[in-house]
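Worksheet: one structure, shown below.
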Amino acid sequence: PKMVLDALSPKVLLSPKIKEIIGGTHARGYKIFTYFDPVAGVALPEVHRRIKGIGMWKSELDGTMTWSYAHIAPPDPQYVKGYPAEQMMAHGYVWRGRNCVLDTLGWEAFREGVDDARYLATLADTLEKAKTKGEHADLVRQTRQWLDALDVDTDLNVLREEIVRRITALRE
């Protein structure tokens, strides 16, 4: 499992070759999205949140997508063997119920990662507004340094609390 988790680490997105590809894509006026990273049906919530949030933000990717929110193919016995539901769960973030959708840890982690990215974007916007107004010069400088030094392995809950603290201070 460690080898799999290392391969799915957001640090892969920060490797020089990948950063070169992302920069080259942006330089040509295009956007670049990730796809299938990792497959939605794999129960790796920490990986999903980290990649979809701080990993994408630090790597400057423009978005993400996956194979499916809820896979629509007929059941494949090799994937549903042992599961009570007759559906293919290997490629979806949620499971389809008869009259409902059942979310998964992967889906909640994806959502949390998107929320982390929104918090980071809000901080970046607030930082730019404070700089433009000439307010909080020391905090602006310190926050830029903090953002540049952020490690993708940081504690994500502590990260979000610190982002909120900085947004609040910059808006005072």
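Look at GLU135 and say whether it is part of a loop (DSSP other than H, G, I, E, B) and modelled with pLDDT of 95 or more.
yes
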Inset, instruction - Filter the range 122-172 down to residues that are over 21 Å from the mean Cα position of the chain (by Cα) and of a type in the set (Asp, Glu) and give me whichever is most open to solvent (accessible area, probe 1.4 Å). - result: GLU172
Inset, instruction - Tell me, please, whether a residue that is modelled with pLDDT of 70 or more, within 30 Å of GLN145 (Cβ to Cβ), within 12 Å of the chain's Cα centre (by Cα) and among the β-branched types (Val, Ile, Thr) can be found in the range 15-32. - result: no
Inset, instruction - Could you grab me the full set of residues in the range 105-121 that are over 11 Å from the mean Cα position of the chain (by Cα) and surrounded by fewer than 16 Cβ atoms within 10 Å (Cβ to Cβ)? - result: LEU105, GLU108, ALA121
Inset, instruction - State which residue pairs qualify: first residue part of a loop (DSSP other than H, G, I, E, B) and hydrophobic (A, V, I, L, M, F, W, C) and inside the range 6-29, second residue modelled with pLDDT under 95 and buried (at least 16 other Cβ atoms within 10 Å of the Cβ) in any location, beta carbons under 6 Å apart, and separation of 6 or more residues or different chains. - result: LEU8/PRO38; LEU8/VAL47
Inset, instruction - Could you check, for the range 76-94, whether at least one of its residues is modelled with pLDDT of 75 or more and either part of a helix (DSSP H, G or I) or of a type in the set (Asp, Glu) (or both)? - result: no
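The values are calculated or read from the model by the stated rules, or taken from the named source; none is laboratory data. Because the structure is predicted, anything quoted here is derived from the model rather than measured. Quick reminder, even Gly has a Cβ in these numbers, built from the backbone with ideal geometry, and neighbours come from all protein chains shown. The protein model used for the area step is the full one, side chains on, heavy atoms only, and it has no ligands, DNA or RNA in it. Shrake-Rupley method; radii C 1.70, N 1.55, O 1.52, S 1.80 Å.
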